[in-house]
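*Asks:* Dropping the structure in here first, questions after.
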Amino acid sequence: MLGTDAVAHVWTNNADGSPQVSVVWVIAHGDEILFGTDADSEKAKNLRRDNRIILSIEDVERNERGYQRHLVIRGRAALEPGPNPELMDRLANKYTSLKRHPLAMRDAPSAVVVRITVERLSGVGPWIDESATASALETAAAN
């Protein structure tokens, strides 16, 4: 999923505990998942206060039971200051086939890179042991 052009929905926690949701372009880099944002965005403000983050990425395919494949990633985020034109250009190329990111954030001094360390994966797809999930659902339905 991270290798496709499917966008990620990012959940962070507002100060009052309510969710804040944004759509972002993401890319895998080693064991981390990266995206860029403005340091003054709500998601960046929220992550400075509480680094817990959830990403949800939906696939276009359905599994044999008809469930929409999707990946949910829970983790912790770290903010890296400064613009990262190379990352922004890689994201632009992945999502739009452009060689250069078209937005001012590419070089903006207020840009930050969000680095996510994955703590848990869930969802529906080959990245999840669906037989274990099916067994758990059957057990729960029987009780």
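Read-outs throughout are calculated quantities, based only on the coordinates presented, and are distinct from any laboratory measurement. Since we're looking at a predicted model, the values are computed, not measured. Here the Cβ is made from the backbone with ideal geometry for all residues, glycine too, and neighbour counts use every protein chain on show.
*Asks:* Please give the net charge around Ala78, taking every other residue with its beta carbon less than 11 angstrom from that of Ala78, where Lys and Arg add +1 and Asp and Glu add -1.
*Replies:* Charge balance near Ala78 sits at +1.
*Asks:* In deg cm²/dmol and to the nearest 500, what is the mean residue ellipticity at 222 nm of the chain if only DSSP H runs of at least 4 residues count, each as -39500 (n - 2.57), divided by the residue total?
*Replies:* -7000 deg cm²/dmol
*Asks:* If you don't mind, another one. Do any chymotrypsin sites (Phe, Trp or Tyr not before Pro) in the range 42-136 lie in a loop, going by DSSP, with at most 16 other beta-carbon atoms within 10 Å of their beta carbon, and if so which? Before the final figure, lay out the partial values.
*Replies:* Values: sites: Tyr67, Tyr95, Trp127; in loops: Tyr67, Trp127.
Filter output for the range 42-136: Tyr67, Trp127.
*Asks:* Compute, for the chain, the length of the dipole vector about the Cα centre, with Cβ point charges of +1 (Lys, Arg) and -1 (Asp, Glu) only. Units Debye, rounded to 20.
*Replies:* The calculated dipole for the chain is roughly 260 debye.
*Asks:* Over the range 25-85, what is the mean sequence separation of C-alpha contacts under 8 Å (at least six apart), divided by residue count, expressed as relative contact order in percent?
*Replies:* Normalised by residue count, the contact order of the range 25-85 is 26 percent.
*Asks:* Right, next: Computed from the coordinates I sent, semi-axes √(5λ) of the Cα gyration tensor in Å equals one of [x] 27, 18, 13; [y] 31, 19, 11; [z] 24, 19, 14. Tell me the label.
*Replies:* Working out semi-axes √(5λ) of the Cα gyration tensor in Å from the coordinates points to [y].
*Asks:* Select from Thr37, Thr117, Thr96 the residue whose mean-square fluctuation is largest in a Gaussian network model of the chain (Cα-Cα springs shorter than 10 Å).
*Replies:* Evaluated over the chain, the most mobile residue of the options is Thr96.
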